[in-house]
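Inspection log for the structure reproduced underneath, given as structure tokens.
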Amino acid sequence: MKKYLLVIASITLLASCQKVVTLNLKNEDAQMVIEGEINNQPPPYTIKVSKSVGFYDDNAFNGVSGATVIVSDNNTVVDTLKMTTAGIYQTTKITGTPGHTYTMKVVNDGITYKAQSIMPFEVTFDSIKLLPQPGFGGQKPTFQLIPVYSDPANSTNYYRFTINKNGEQVQNTFIDSDEFSNGKTNDIPLFTAEEFKPGDLIELNMLCIEYNVYLYYFSLQQNTSSAGGGPNSAAATPANPVSNISNKALGYFSANTKATKTIKIR
Amino acid sequence: MFNLKKQLLFASLILTAFQSYSQTNKVTLSGTMKDARNGETMMAAAVRVMELEGIGGISNEYGFYSVTVPKGKYHFIASYTGYVNDTFELDLQANSQHNINLRARNTQLKTVSIRSNRNDDNVKKAETGVEKLDMKEVSKLPVLFGEKDVLKTIQLLPGVKSAGEGNSGFFVRGGGADQNLILLDEAPVYNASHLLGFFSTFNSDAIKDVTMYKGTQPAQYGGRLASALDIRMKDGNKSAYEANGSIGLISSKLSVEGPIAKDKGSFFISGRRTYVDQFLHLSSDTLLKDSKLYFYDLNAKANYKFSKKDVVYLSGYFGRDALGVGSQFGINWGNATGTVRWNHVLNDKLFSNTSFIYSNYDYKISIGNSGTTTDITSRIRDYNFKEEMMYYPNSVHQFRFGVNSIYHELLPGEVSSSDPSSSINSSKLQTRGSWENALYVSDEWKVNKKLNVNMGLRGSAFSVLGNGDFYTLNSNYKIIDTIHYNAGSIVKTYFNIEPRLTASYQLNEKSSFKIAYNRNTQNLHLVSNSTSTNPTDRWIGDNNNVKPEIADQASMGYFRNFKNNTYELSAEVYYKYMQNQIDYKNGANTLFNDAIETELRSGIGRAYGLELYAKKKFGRFTGWLSYTLSRTERKIDGINNNEWYVAKQDKTHDISLVGTYDVSKRVNVAATWVYSTGNAITFPSGKYFVDNQYVWLYTDRNGYRMPAYHRLDLGVTIKMKEHKHYNSEWVFGVYNGYGRENAYTITFQQDPDNAAKTQALQTSLFRWVPSISWNFKIK
């Protein structure tokens, strides 16, 4: 996409320029943020509870202490989470299992936030395929990453991917659904401006997520791609991502499977 | 059945009206008004009877006029701004025909700003909220890259706002970009922009006439809420061959016109292509070399006079954009329209126009991947029939009535893959068909010397047709039932009655007061998640869930001319209430969704404003100042906590200052200055941490403003020495002359120099963009 934008810029002969501006942004009251994931890897699992900060405040995880966080597994095992550091709560009893229903309840300042998520059955993550890209302006070739897996034809599936490059998470949202590829083996690379070069160590995680969580990431993706938009931004009227948690809490609660593959590019 | 009854009622009303106006001791003079130089028919030219004050006629879109007077000998004056008056004397004892040829004034006065049949037309006619563009003026004003554009000139008029920097999209009186009816020779153009909106689909060399109604459109226009923009292509020179061309920085144009048979018919062909991408081919980089970015247009028109009473016109437009990066990504889109039109003079008082119209808009996105290509296509197509009659019973009334029937075919999307073994399955959304019918009648009535009234009634019916599955939604917009309708069956029909009324009252010779009320409805909707039109925005029709949009607009205005009509001044106010406005819900899945209505929310809207306009029409210096003060708001179910919020196109203040000055016979300088409040926008009011990255916190929809926008453009036109067979001119311009960094976008990101902070980044496009073009004419 970077290249695509570059082409447009060079063509329109624009002397386009960018500058940092200071805007008078409202400092809203801090809002509740909950991020929780239960997966099929060995426990414990973490629920993060925090509050939003002002735009011009320092970047810091504004953790909430003293909240009551409970996750129940199929309504049989009830697990009250323990806080490790401010805002980080960990499970003690449950082991994530595909097909199980997980219910989360967070109580803070007398307000209860609830969410439910069913862990989908796992789709096998076969391998990572590297797709070479011609170098731009005579540079060395780079690669795009294709997660290879066969989508099961008899179910509707939603996927999420995360990439760690040399230990650092690539700041993009990668999601997919089988709407146009039901029953097919994936051969579409993950689109990102990030370049993967020889020497890079790549860790690719594949998550099978449920629809509500897909919707969260879908709406998140619309908002982050080019917020505050000009005429051609993805969403001219950005809004908070659609959360599956009650009482207007931001964030999501997801029960999903997770599989990891690593590759060293040569 | 219900529909048929209404039709009959209409017909009988019309008939009674005619009978009461039939007269016997009067005679009618009729004919065609033409430009003496090239035989182009002239619209809105006037004929007056010297002996009878207030009696006269005005030519229609095809140059036809009709005047009814008592038998006798009279002096007639035909006039048109910028043309020499033609005076003739006729002894009328029976109905007669007389064609009028008007000669353009060969002085500097030739360049006038607003064309009107009479110089005080703005005060006297029962028209309000109407703007007419003079193509000669459009050609003088400086524009981005020197590419003349009627849609950009229109944005300089009161009540019309630009959709963004260098953008050809526009908003009228608080309406959305899709609420403008854009007609090219009667054919609707569904996406009037090229190259991401920087250029319009209208090649200014091919255009003869542009009229815009700001929600006050007469009954013959229907189907859009905010405005009707009626663009007419040139007919072509009837007496001699000529070629016009232009070579500019980013595009070249050529048009050829001439007679088919002397005084019988003519043709006009014009083409335009941009060629920036040709420079890319020089690049050594393979990706740049294989990139595409161009558009082209082709306009063609021909007319032939088969008899004194019959003229047939054929006109067509074809334009296409292509944008692509290597073989990885490509998108091409374009419009095609075609019109066959038959003008028939039934008698001196009755003029008929029959049209068959086709229009098509489609786009195709191609994504190349490991040797296979996946295409996504979408299309909207219209087959349209119109029959209109104009009836001039006497000099007091002018009737217009007609019927319009359109079959719309919408293919929202189709995905196909070139390789069946690829991971993409081919699929197709349901093609939707609908049938839109309208009947209308209007009367331009001179009640007395002071009061003019234009009243009309339009009845519209929109039928949603099978074949297809239709969804029943519950109150949470979830599908609870799916019903299949077979081909040919009607799912639902929406009826609407749209009254239209404009009245002008003459306060004195120089000033008037006007009022108007309009109801407009809209059955096709563009659902868009971006501020301006994108090629991939999706058109949808009404269905069992999506209802017709309805707008009621009331407006009034005061019009005054000074110094023998050299200066004109107007002040207009309007209030508009809109129903069934639609918007996407938050986090809508917009792409490739068959049950799109589950993603839409509906509500109401209101818009109100004040428009001031001052203009100098004649002299070496001409120009205008326009100012708009307005507000546009929406209240949509589920958005902004169901509270009123300002619409994205809301700009509180909007000012345009335009001037052109004839320095000498050969040199003209022009300048435009625009200022507007930044449009309403949603900015983050905070941030929070999820998935190891920052997410912006949004609170109120459109709760912020972009910075104010202003810009000065300058231009010089230098005419070269005239030769017997050719002449030429150079046009130089600078866009954004003082280099204001206007905000195109403001984005939010991590501060690259300080990991602890986030920042807002403003991107500005064009500063000091020079342009140069050379225009020529060969005759």
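Computed values, structure above
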| quantity | calculated |
| --- | --- |
| Boolean, A:G66 is away from chain B (no Cβ under 12 Å), at pLDDT below 95, assigned to a loop (DSSP other than H, G, I, E, B) and under 14 Å from A:S254 (Cα atoms) | no |
| Residue in the stretch A:140-153 that is outside any strand (DSSP E or B), within 14 Å of another protein chain (Cβ to nearest Cβ) and open to solvent by less than 50 Å² (accessible area, probe 1.4 Å) present | yes |
| Given (1) in a strand (DSSP E or B); (2) open to solvent by 40 Å² or more (accessible area, probe 1.4 Å); (3) of a type outside the set (S, T, N, Q), number of the condition B:P420 does not satisfy | (1) |
| Criterion violated by B:N476 - all others in (1) in a strand (DSSP E or B); (2) modelled with pLDDT under 95 satisfied | (1) |
| Residues within the stretch B:308-348 that are of a type in the set (D, E), closer than 30 Å to B:N99 by Cβ and not in a loop (DSSP other than H, G, I, E, B), tallied | 1 |
| Test: residue in the stretch A:219-228 that is more than 18 Å from the chain's Cα centre (by Cα) and modelled with pLDDT under 90 | yes |
| Matching option when the condition is without any contact (Cβ under 8 Å) to a residue 40 or more places away in the chain and either under 30 Å from B:G638 (Cβ atoms) or in a loop (DSSP other than H, G, I, E, B) (or both), among B:G678, B:G686, B:G659 | B:G686 |
| One residue from B:E722, B:E729 being among the charged types (D, E, K, R), more than 17 Å from B:T672 (Cα to Cα) and in a strand (DSSP E or B) | B:E729 |
| Output for the stretch B:548-577, where each listed residue is under 14 Å from B:G174 (Cβ atoms) and open to solvent by 80 Å² or more (accessible area, probe 1.4 Å) | B:Y575, B:Y577 |
| Qualifying residue in the stretch B:445-458 (condition: in contact with a His (Cβ under 6 Å, 6 or more places away or on another chain) and touching a residue at least 40 places away in the same chain (Cβ under 8 Å)) | yes |
| Residue pairs meeting the criteria (Cβ under 6 Å; at least 6 apart or on separate chains; first more than 16 Å from A:N244 (Cα to Cα), in the stretch A:97-118; second aromatic (F, W, Y) and surrounded by fewer than 18 Cβ atoms within 10 Å (Cβ to Cβ)) | A:P98/A:F121 |
| Members of the stretch B:758-779 that are more than 9 Å from every other protein chain (Cβ to nearest Cβ) and either closer than 14 Å to B:L712 by Cβ or open to solvent by 20 Å² or more (accessible area, probe 1.4 Å) (or both) | B:P770, B:I772, B:W774, B:N775, B:F776, B:K777, B:I778, B:K779 |
| Residues that are open to solvent by less than 50 Å² (accessible area, probe 1.4 Å) and within 14 Å of chain B (Cβ to nearest Cβ), drawn from the stretch A:41-63 | A:T46, A:I47, A:V49, A:S50, A:S52, A:V53, A:G54, A:F55, A:N59, A:G63 |
| Out of A:F191, A:F180, sole residue that is assigned to a loop (DSSP other than H, G, I, E, B), open to solvent by 40 Å² or more (accessible area, probe 1.4 Å), closer than 22 Å to B:D594 by Cβ and within 12 Å of another protein chain (Cβ to nearest Cβ) | A:F180 |
| Of all residues making up the stretch B:742-757, the number that are facing chain A (nearest Cβ under 9 Å) and either outside any loop (DSSP other than H, G, I, E, B) or in contact with a helix residue (DSSP H, G or I) (Cβ under 6 Å, 6 or more places away or on another chain) (or both) | 5 |
| Residues that are away from chain A (no Cβ under 11 Å) and not acidic (D, E), drawn from the stretch B:679-718 | B:A708, B:Y709, B:H710, B:R711, B:L712, B:L714, B:G715, B:V716, B:T717, B:I718 |
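The values are calculated or read from the model by the stated rules, or taken from the named source; none is laboratory data. Keep in mind the model is a prediction, meaning the values are calculated, not measured. Ideal geometry is used to build each Cβ from the backbone, glycine not excepted, and the neighbour counts take in all protein chains shown. What goes into the accessible areas is simple: the full protein's heavy atoms, side chains included, and nothing from ligands, DNA or RNA. Shrake-Rupley method; radii C 1.70, N 1.55, O 1.52, S 1.80 Å.
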